[in-house]
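In what follows, a structure is listed as structure tokens, so that the remarks can point back to it.
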Amino acid sequence: MHYLTLFNVIYMNTMIMLYKTYLVKITQYKRLMSQTLTMLLMMDFYYTMYNMYYMDINEYGYINIIEIFSINIGYDTISMIFFMLTLYLGIISIISNWVNMSKNMNQFMMLLTMLMLLMSMNFICLDLMSFYILFESTLMPLFLIIGIYGGNNKNKAAYYMLMYTLCSSLFMTLSIMLMYCVYNDVDYMTMNNKMMSMELQSLLIMGFMIGTGVKTPLVPIHTWLPLVHSESPLGGSILLAGIILKLAIYGIIRLLLSNISEVMLIYTPIFYVIGIITIIYSSLITLQQTDLKVIIAYSSISHLAVCILGIFSNNLLGLSGSTLLSIAHAFVSPALFLLVGGVTYDRYHNRILYYYQGLAQFMPMFSIYTILFSFSNSGTPLSFNFIGEFTSTSGIIINHKFIGFLATLSIMTSASYQMKLTNKLYAGIFSPYTTITYDLIYREHFLLLMLFIPTLTFGIFPQYMTNFTLLSLNSTMYTIII
């Protein structure tokens, strides 16, 4: 795939947003622009399938490396997947807030577009300093989105996210400065060809894991995520759950596995303990939550902890499973936020779980989508999440059977809180506290369908995604257990 395709997609998204902001009156042309954005979403989907189909998956290393402003830019199959996933979810997030942001749509769409561009460029830069700058620059538009368009407690949520991320990024900055002092360069390809002492690697892994652990997030530095999700607008929650949380997973795969692989073998038991504590703690906390968006937020913490365990499983099966689970989570979690934060909240302006009951009597399509995505989030077979969780836990069991057994607890606990959420929403007798409202509209149908199709397709045919990422993941492994 040529770089013209990458930047052409970015250019189209940017031009549509600028045209929307400065030349179109929302009250007169909302339907026209909605159709234009829908067509743009389909074009992004076409570009994703087209480029993935014609990309040479047997080519080792980075492809089409060019230099822009003395910074190397390139991509491999892992970068390509996350890049296109960013554009895909970016347009979905814009359409999801089309109605409830009609008064302030100009600034809101520009902030979402800025956030989408910064995240997409993060996946194709081949320089550690550029990765760090883009990694932290996503804070600015996300802070403004939450602080301006968030809920009643939006200021606290915005500053929580800002302080947690800034404080943790200081350790990552020190690690980058240390690597630059040693190598006089922070380019990926240069660092991958160097060997470091164990003492230096120990310092680097502590700095990088503190920086990426907050973004994942891992216990005990996870408390900012539920608050941010509960107060963020729907578009911000979709990008936060779908892409921003995956920046940490991508950073660990790209930075740690290739550069400080030896010391990761030593620190693997520590990360196993942190991952298991995160899974058990977040799952138990989820069972006690009553806020719909907080429930989905805590479930994201549990699933991403499984991704962390898969990465540190020291085999290709676990690493491949963690990547697949990250991609699957990027489809299912935004869909759940659309259901509980978009559909129910737009109708009733209430996020308390016990406020709802028996919605299936007058919202049958909403109930069907809720059941489908709840089963997918629980790792039910024929869903993409099942493939990711099965391969991740299999890789963990290969490395350590007891840790693998504890990791499987996430499947049982996720089924518990998802069934509690689903049964409360659609089952039972109609609650007298709720009023009868309309079912899903065309826009909501379309968004949920565009998230369910890849979940089901890659769940039935996972070989297309696994074959696509196999060589790139193999090149990042420090050892492969056969």
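Where a number appears in this text, it was derived from the coordinates with a stated rule and is not lab data. Everything quoted here is computed from the prediction, not taken from an experiment. Note: ideal-geometry Cβ built from the backbone for every residue, glycine included; neighbour counts use all protein chains shown.
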Item checked: Spin-label model distance (nm) - residue 362 vs residue 463, 7 Å beyond Cα toward Cβ -> 4.9
Next item on the list: Compare the peptides 325-333, 86-94 by average per-residue count of other Cβ atoms within 10 angstrom and give them in order, highest first.
Entry: 325-333, 86-94
Next item on the list: Tabulate in residue order the Karplus-calculated ³J(HN,Hα) for the stretch 385-399, using 6.51 cos²θ - 1.76 cosθ + 1.60 with θ = phi - 60°, rounded to whole Hz; enter x for Gly and Pro.
Entry: 4, 4, 4, x, 5, 5, 5, 5, 5, 5, x, 5, 5, 4, 7
Next item on the list: Using θ = phi - 60° and the Karplus relation 6.51 cos²θ - 1.76 cosθ + 1.60, list the HN-Hα couplings for the stretch 283-289 in order, rounded to whole Hz, with x at every Gly or Pro.
Entry: 5, 5, 5, 4, 5, 9, 7
Next item on the list: Would you mind checking the pairs 154/215; 156/424; 194/215; 154/293 and listing those with alpha carbons more than 23 angstrom apart?
Entry: 156/424; 194/215
Next item on the list: Would you pull out the residues with amide H under 5 Å of residue 187's amide H, same chain only if 5 or more places away, H placed 1.01 Å from N?
Entry: 128
Next item on the list: Kindly state, to the nearest 0.05, the FRET efficiency for residue 265 paired with residue 190, given R0 = 30 Å and r defined as their beta-carbon distance.
Entry: 0.85
Margin query: Can you compute 3J(HN,Hα) from phi for each residue in the stretch 73-90, using the Karplus curve 6.51 cos²θ - 1.76 cosθ + 1.60 with θ = phi - 60°, rounded to whole Hz and x for Gly and Pro?
Written below: 10, x, 7, 10, 5, 5, 4, 5, 5, 5, 5, 5, 5, 5, 5, 4, 6, x
Item checked: Theoretical gain in end-to-end length, residue 273 to residue 183 [0.36 nm per residue, Cα-Cα removed] -> 29.1 nm
Checklist line | Two-site label geometry, residue 453 and residue 133: point separation in nm, points 7 Å out along Cα→Cβ | finding: 3.8
Next item on the list: Multiply the residue gap between residue 405 and residue 173 by 0.36 nm, knock off their C-alpha separation, and tell me the result in nm, one decimal place.
Entry: 79.9 nm
Next item on the list: Straight distance only, please: which aspartates and glutamates reach the Cα of residue 401 with their own Cα at less than 20 Å, same-chain residues fewer than 8 apart left out?
Entry: 389
Next item on the list: Rank by packing, highest mean first: peptides 317-324, 72-79, with packing defined as the count of other Cβ atoms within 10 Å averaged across residues.
Entry: 317-324, 72-79
Item checked: Pairwise label distance in nanometres, residue 348 with residue 441, each label 7 Å out on the Cα-Cβ vector -> 2.0
Note to self: Shape verdict for the stretch 124-476, please, from the Cα gyration tensor: rounded (a/c under 1.5), prolate (a/b greater than b/c) or oblate.
What the structure shows: prolate
Checklist line | Other-chain or far-sequence residues with amide H under 5 Å of residue 63's (modelled H) | finding: 75, 76
